[in-house]
Amino acid sequence: MHKRVLLSFMLVAPATLVAQSHDGMAGMAMHDHAAQSLSAAAKKQIDSVARRAAPFATTAAATNAGFRPVFGWIPTMGQHWVDRALMAREKQLELGAPANLMFSKIGGRDSLVGVAYAYFAPLADSAPPRLFDGAPAWHEHPNLAPPGERLVMLHVWFVPSPDGAFAGTNPNLPFWAAGLSAPDSARMRTDSAFNGRVRRASLALAEVTDTTSIFANLERRPELQPALAVHRDSIRAIVAELRAAEKAKDTARWDRELDRAAAQWDAIYAAYLASARTSQGKERMERYVDMLLGHHEG
């Protein structure tokens, strides 16, 4: 597939194709890198990129600047808005000109949560450019590249991310989209069980903040709709309980509701997998969910 054809595909493809191939916000510092192991130089670079991206902080401004949305909202990555001309530059990347803007709902509004650098590379090219101090790791989306090539990306978060400013995913996004506060990132780094529950709960929240965000092609199947409706109703009730626990500053109650949300996702995911009509389809689902949970190739 020629790159220009692929880039055109990326500008029109629905979220389902990606799935097959691949009140609580008060006081949040939008450029808070304190909890991340970043050098002073890297922090300065990120802040510079954020300033350069600030004129495109609304979807209207992004549209006027030539960016177009692709794939819909991906729960732990937001919605990527792509500048096709910048993507076509391949490996000739500029720090102040990322090809992707990332938007996600915060406080009910589409908000610029980060940017992404991206290029296509031959399979044998294993040396990504060094854009930021510390040479953060890039990640790959091999299923979105032409034969014999890889799509290589580096995300840069302008909002807090428990995995750092350059992580491939950010599980905070579904919490903010649901009007909740972000989970305790320090606890996520020291408590692996809690970390896992947060990530599964984030996908449960995505099921009710945007029902087309994970497997839109599956959620329309008549045999799945009754089960999804029941689980989503339960998740909506859990969101209300999480808000109440936040308001009361009741950590134990919040933890119980988080566990319930994670369990709801487990049940929904099992239903999705059971609906697969081929082993290849099931494997694609598993790879996609694994990516949403933070396991990018790289």
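Just so you know, all these numbers are worked out from the coordinates, no wet-lab data involved. Because the structure is predicted, anything quoted here is derived from the model rather than measured. Methodologically, a virtual Cβ is constructed for each residue, glycine included, from the backbone with ideal geometry; neighbour enumeration extends over all protein chains shown.
Using the rule -39500 (n - 2.57) for each DSSP H run of four or more residues, divided by the residues of the chain, the 222 nm mean residue ellipticity is -14000 deg cm²/dmol. Exposure proxy ranking for Thr76, Thr251, Thr278, based on other Cβ atoms within 10 angstrom of each Cβ and starting from the fewest, stands as Thr278, Thr251, Thr76. Listing Leu292, Leu131 from fewest to most neighbouring C-beta atoms within 10 Å gives Leu131, Leu292.
With neighbours defined as other Cβ atoms within 10 Å of a residue's Cβ, the residues His155, His80 order from fewest to most as His80, His155.
Between Glu223 and Asn143, the FRET efficiency estimated from the beta carbon spacing at R0 = 25 angstrom works out to 0.40. Cross-link reach is defined here as a Cα-Cα straight distance under 14 Å, omitting same-chain residues fewer than 8 places apart; for Lys43 the aspartates and glutamates meeting it are Asp32, Asp133. A Förster distance of 41 Å, applied to the separation of the beta-carbon atoms of Thr212 and Ala135, puts the FRET efficiency at 0.70.
What is the range 185-292 by shape, rounded, prolate or oblate, if you read a ≥ b ≥ c off the alpha carbon gyration tensor as root eigenvalues and call it rounded for a/c under 1.5, prolate for a/b larger than b/c, and oblate otherwise? Oblate, because a/c is 1.5 or more while a/b does not exceed b/c. Here is the list for the range 207-296: GluC sites (Glu not before Pro) lying in DSSP coil, each with at most 14 other C-beta atoms within 10 angstrom of its C-beta, are Glu223. Among the trypsin sites (Lys or Arg not before Pro) in the range 235-298, those located in a DSSP loop and surrounded by at most 10 other Cβ atoms within 10 Å of their own Cβ are Lys249, Arg277. Between Asn64 and Ala267, what FRET efficiency comes out of the Förster formula 1/(1 + (r/R0)^6) with R0 = 51 Å and r the beta carbon distance, rounded to 0.05? In this case the efficiency is close to 0.75.
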